[in-house]
Each structure stands twice: as structure tokens, then as C-alpha cells.
1. Quick one: dipole size for the stretch 150-211, taken about the Cα centre, charges +1 on Lys/Arg Cβ and -1 on Asp/Glu Cβ, in debye to the nearest 20.
2. How do the peptides 86-95, 158-167, 174-183, 118-127 rank, highest first, by the average count of neighbouring beta carbon atoms within 10 Å per residue?
3. For the stretch 153-211, just list the percent of Cα-Cα distances falling in each 5 Å bin from zero outward, please.
4. So who's got an amide H within less than 5 Å of the one on Tyr121, skipping anything under 5 residues away but keeping other chains? H placed 1.01 Å off N, in plane.
5. With a cut-off of 8 Å between alpha carbons and a minimum separation of six or more residues, what is the relative contact order of the stretch 129-211 in percent?
6. Just the Kirkwood number for the stretch 58-186, please: inverse of mean 1/r across all distinct Cα pairs, in Å, one decimal.
7. Suppose all protein chains stay in the model; what accessible area per residue would a 1.4 Å probe give for the stretch 63-211, in Å²?
8. Once phi is turned into ³J(HN,Hα) by the Karplus curve 6.51 cos²θ - 1.76 cosθ + 1.60 with θ = phi - 60°, what whole-Hz value does each residue of the stretch 85-95 show in order, with x for glycine and proline?
Amino acid sequence: MPEPTRHAAALAGGAALAFLLSACGGGFEETEREPDTAADANAEDTEETAAAEEAVELVDPMELAPDDLCTVLSEETLTELLGEEDMRGEPQTTTGVPEPEELEERGRLEMSCMLISLTSYTLYLDMKVYEGRYVDSDYPDVTEEDADPDVDLGDFTVIGPGIGDGVSVTVVEGQVLVEVDYTRNMGEQAPEEELREGALLAAEEILAAVG
């Protein structure tokens with residue numbers, strides 16, 4: 001009779017030990033899975049971000065570009081920045097009309113125009129339209145690191161010294177880069193703030209006409 005008793009006790013002890021090991025093992029397994037869960041969440045976030053970037057719809061640069069950069073600014077803006085119509089000269093050094101051949105050769109369109117007035121103010125307008133997003137271009141003229149945090153225009157805006165004593169404003173939005181230099185060539189120099197606001201006004205209006 002003693003043998004069955006010892007055998008039963010052994011079985012009971014083994015079952016209890018197995019139960020304890022199972023319980024402990026379950027705890028360890030759950031703990032080990034937590035980092036995996038966090039990693040999975042991070043992977044999902046990364047995939048969602050990549051998908052969002054891929055979802056950016058690119059447009060044919062010829063559709064985005066204006067017919068002629070020299071004619072984009074409104075009469076009101078031209079009057080404010082350059083004076084009345086009879087005080088303005090014809091556009092100078094202009095390549096304001098987009099050329100499809102340039103797109104094939106360079107992967108972007110480049111347009112420029114110089115507008116002058118007898119009041120000695122000058123507007124230099126430049127525009128580039130890329131096949132892809134500007135920030136992905138191989139040789140960016142400006143980067144977001146240079147952006148002015150106080151200006152909310154486009155994806156980012158960079159402001160700096162322009163031609164002569166002028167002010168330069170460069171705005172990037174999607175596939176487009178717009179640069180405006182606004183300067184006074186003779187006589188008393190206009191306040192920098194005036195030149196800055198004028199260049200911003202012109203850049204905003206050009207950007208609004210895109211596409």
C-alpha cells in the first residue's frame with residue numbers, strides 16, 4: 001500500500017510543478033512579445049508615412065507652368081510695385097514662355113523675366129517647375145533649413161539679399177520654385193521692409209497662378 005501513495009504524491013507534485021512552469025512560461029512569453037508589438041507599430045507607422053509620400057500626385061510641368069511668366073502679375077500688383085503702366089518699360093531679358101524641349105533635356109522647366117519702371121524699381125522673376133517634388137531634386141538651390149519661420153507661404157520660404165541692394169524671396173511648393181528679386185536701382189534706397197513685402201506679394205501671386 002505505501003507504493004501507490006508515493007506514486008500518487010509524485011504525480012501530484014509533478015503536476016503542480018508543471019502548472020507553475022506553465023504559468024511562469026506564459027508570463028515570460030507575454031513579456032517577450034511586448035517589444036515585438038512596439039516594433040510592429042513602428043513598422044506600420046513607417047509604412048503609412050511612405051505610402052502618404054507616394055500618394056503625392058505629380059503633375060505634368062507643362063500644365064503647372066504659366067503661358068508666360070511675364071504676364072502673370074495682376075495690373076494692381078504691377079502698379080503697386082512698379083508704378084502706373086505708362087511708367088513701365090517692356091519686359092527685358094525674358095525667357096518667360098516654357099519650352100517643352102527644356103523639360104526633356106533637364107527634367108524641369110525654367111522661366112525668367114525682368115520687369116522695369118522709370119521709377120527705378122525692378123522685378124526679377126524666376127520660376128522652375130520640376131518633374132518631381134523640388135525637395136527631391138539633385139541640386140536644390142535652397143533647402144528647408146534656410147526657411148524663414150515667420151513666413152507661411154508655400155511649403156517653405158527663404159528670404160535673403162537680392163540683386164544690388166534688393167531683397168530676394170524664394171518660395172517652394174511641391175514641384176515649383178518661385179524666386180522674386182525686388183530692388184530700387186537709383187536714388188534713395190527703399191526701406192528693406194518695403195522691398196521684402198513687395199517681393200512676397202509678387203511671389204504669392206505667381207504661386208497662386210500655378211496650374
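The values are calculated or read from the model by the stated rules, or taken from the named source; none is laboratory data. On a predicted model such as this, the values are computed, not experimentally measured, just so you know. Heads up, the Cβs are rebuilt from the backbone with ideal geometry, glycines too, and the neighbour counts pull from every protein chain shown. The area values use the complete protein model at the heavy-atom level, side chains included, leaving out ligands, DNA and RNA. Shrake-Rupley method; radii C 1.70, N 1.55, O 1.52, S 1.80 Å.
1. My answer is approximately 200 debye.
2. Descending mean neighbour count gives 174-183, 118-127, 158-167, 86-95.
3. For the stretch 153-211, the pair-distance distribution reads 4, 21, 31, 20, 13, 7, 3, 1.
4. Long-range HN contacts for Tyr121: Asn185.
5. With pairs under 8 Å counted, the relative contact order is 24 percent.
6. For the stretch 58-186, the Kirkwood estimate is 15.5 Å.
7. Here the per-residue accessible area is 53 Å².
8. Couplings: 4, 6, 9, 10, x, 6, x, 10, 6, 9, 10 Hz.
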